[in-house]
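Report on one structure; see the data block that follows.
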Amino acid sequence: MPWDETPNEIRHRLEDPDKYETCRRKNIDDGVDLIVCKKKDSDQWEAQALRFSKEKFDKESAKAWFEKHWKKEESYNPEDLKDLPEELPLVIEDKMIESVKIDEADIRDIGAVWEVTIIKAGQSKNGYYYTEQTLRDAMQKFEGAQVFAHHDGAHISQDKKSTRDLIGYIEQVQFIDGKLIGKLNILPSAEWFKRDLLFLKERNKLDLFQLSIDAGGQIAKENGKVIVSSIDVVYSVDVVPKAAAGGEFNKLIETITNKGETIMENTELKQEVEKALEEVKKTKCELMLKEKLLTSELPHLIQEDLKMRFSGKIFEEQELDLAIKNAKDLVAKLQENLKPEATPIKIKEEEIDKQEKGLLGFFLGRTLNLLSPDERKALVGNVPPYRSFREAYIDITGDTEITGLKSKAVKLREAITTEQFDQVTANVINKALIQEYRFSGWDTWREFVNIVPLSDFKTQYRIHIGGYGSLPTVAAGAPYLALTSPTDKQATYTPAKKGGTEIITLETIRNDDVGAISSIPRRLAVAAARTLHEFIYGILTPGANNLIYDGVYLYSASHPVPGGANVSNTGTTAIATGLNAARIAMYKFPEDNSYKRLGIRAKYVLVPPDLTHTAYELVTVAYGTYNETPTYLQTQGIKIIEVPSWTDTNDYAVVADPRDCVGFEIGFLDGKEEPEVFVSNLPDAGSFFNNDAITYKIRHIWGGAVINWRAYYGQVVT
């Protein structure tokens, strides 16, 4: 039997998992667990697999343990196993994969696609005879057929059928061995039905659900038989307790993971499960790290060092506890060696950290983007927020009269001075700004724009290369001929600084203008986010006549295609019919040089606020009470993005699926996607002492450009 490995375990299979229906995990030695499973055809429990923790074993030592210690038990007492942790069985392609410990939330939509027999050729229990030719001719009629799990006898009454009973649809219909076979895709709203099918599959009881067709056609009598000569219309395929014409569930043929990828092989599913497990463990470790550092009472700088060491990694709790203990021991030794008059490191760092968190709480408490309790605790811990900026200033500087003078600062030596107050406030505003920026709502462009880090201010070059034509046939003994090399085109952009300044005056602090001060992060964040939003969507505006890398406008009737003709990605048709026309045109866009169609799929439609409702009606599946059958356009999964800065009430644009074609790139200097806030060093805006004001500077450095026109189709409606 095979040995294999996961990121955390070495596994050895003892028996084929197909023999069993449920399993338990039992610890039998230090770092060794045994998987014990119940056979499908009896109540007998047997050893199915061994699991070795990688903390204790490598593959060689695991094999050595097996040779020395393993003695197979033939059976197990069910009473001894009932309280053991249950292993989650993962079923696919009629196979049961070795169980994996994983939370249900980590793998979603198991059981979404099944192979079904729609109908069999031959005599049905209702007396109709279906010929093989009739079923072959009807294949396309069943393509896309709705599947219902009805109530109250609706199977036999068309006017009783309702979307609330709709559980899925059928596709890829084929005629195989006298049967119409197809894929049943179950809707997310029918989660109950998927669970029932998986339950029945595990117990070999799939025949509890069967399928019946609801169709219309022509019949004829021949030799005493009622022959179905044609199936002219298919109303639906319905789930019933007993089917008359052989409709049944065959097997689970696909499993869809929480990332939307289709898994067809056991090895691929194992890898996906292991990846999900790894992400879950990383998240748990990240939460553990934050919680332990918050209660560690370590200086702020040392906490930051521990964050850098452990963030984004999987580690054991004991490992983190040891690192915190060593850090505390180091701080204690440093304090012992300090001179008596020196400021204790621990006190100073804790005081500053507490004051910064209180000030951050002041800004976050007035944000429009409310934080969850866990998010707030991660940022400010249990430190109460300052009630006003005036209170924060006095507490941090000791300047009770708010003079801005160093001589008035009466706080103990572990407090910072008025000379440092401006920098502390800048740090806090920067943290609050990042929170506001991330949830500003002006970043819908992230759905389809490629984001890259930049290392300098130099002009960026992005090369677009064409494709080769069809490969020629090479005759026997003949040489291979050289292919025609494709040409390339070059898009360029240069990153630039965006920014400005904001001032907090002594008067503002004295007057305790809470609204003006607390709104600074939000106003700065919106300004930065909206600037980038307007840059991108300004270029993508239909009819804006923005020249791009190939020397013509983004939306043009004359995009040059080397080796072919000019191609248009613009039109004048209203959205009601123009959306589908744009989708078709995009699918036909040719590759440079080869002039082969690229099959680019439309994924987004960009609309002004005035067109949002109309676009929703066009792309939403089963919109309206008289549209239970989705249109073809509604099945394409096109997503609406509303662009508030667009003012024309009729123009719109279609954007390609980024998996097929990325059309825009934005580069951020050093990968810093959020803006930054600093204390300004302008000649006429010095320290708080000299000017009775603190001047802050916001800076955001980025650049971008269209890199492929094929990702866009613009309709300028006249």
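The values are calculated or read from the model by the stated rules, or taken from the named source; none is laboratory data. Keep in mind it's a predicted model, so treat the numbers as computed, not measured. Cβ atoms come from the backbone with ideal geometry, glycine included; neighbour counts cover every protein chain shown. Side chains included, ligands, DNA and RNA excluded: accessible areas come from the protein's heavy atoms. Shrake-Rupley method; radii C 1.70, N 1.55, O 1.52, S 1.80 Å.
For this structure, a couple of remarks:
- Shape category assigned to the stretch 576-668 from the gyration tensor of Cα positions, a/c cut at 1.5: oblate
- Backbone N under 18 Å from the Ile28 label point (7 Å along Cα→Cβ), restricted to the stretch 48-64: 48-54, 56-64
- When you count the other C-beta atoms within 10 angstrom of each residue and take the mean per peptide, 476-482, 226-232, 200-206, 694-700 line up highest first as 694-700, 226-232, 200-206, 476-482.
- Prolate/oblate/rounded call for the stretch 560-630, Cα gyration tensor, a/c under 1.5 rounded: prolate
- Remark: the stretch 562-569, residue by residue, has Karplus-estimated 3J(HN,Hα) of x, x, x, 9, 5, 10, 9, 10 Hz, where x stands for each Gly or Pro and the curve is 6.51 cos²θ - 1.76 cosθ + 1.60 at θ = phi - 60°.
- Relative to the current alpha-carbon distance between Lys82 and Tyr632, full extension at 0.36 nm per residue lengthens the span by 192.9 nm.
- FRET efficiency, Glu15 to Glu291 (Cβ-Cβ, R0 41 Å, nearest 0.05): 0.45
- Using a cutoff of 8 angstrom between alpha carbon atoms and counting only pairs six or more residues apart, the relative contact order for the stretch 452-611 works out to 22 percent.
- Most to least packed among 587-598, 60-71 [average Cβ atoms within 10 Å]: 587-598, 60-71
- Hydrodynamic radius (Kirkwood) for the stretch 512-613, which is based on Cα pairs only, to one decimal in Å: 16.7
- Mean accessible surface per residue for the stretch 478-605, computed with a 1.4 Å probe while every protein chain stays in place, in Å²: 49
- Linear extension gain, Lys588 paired with Lys68, 0.36 nm per residue minus alpha-carbon span: 180.6 nm
- Counting 0.36 nm for each residue step from Glu132 to Lys40 and taking away their Cα separation leaves a gain of 29.5 nm.
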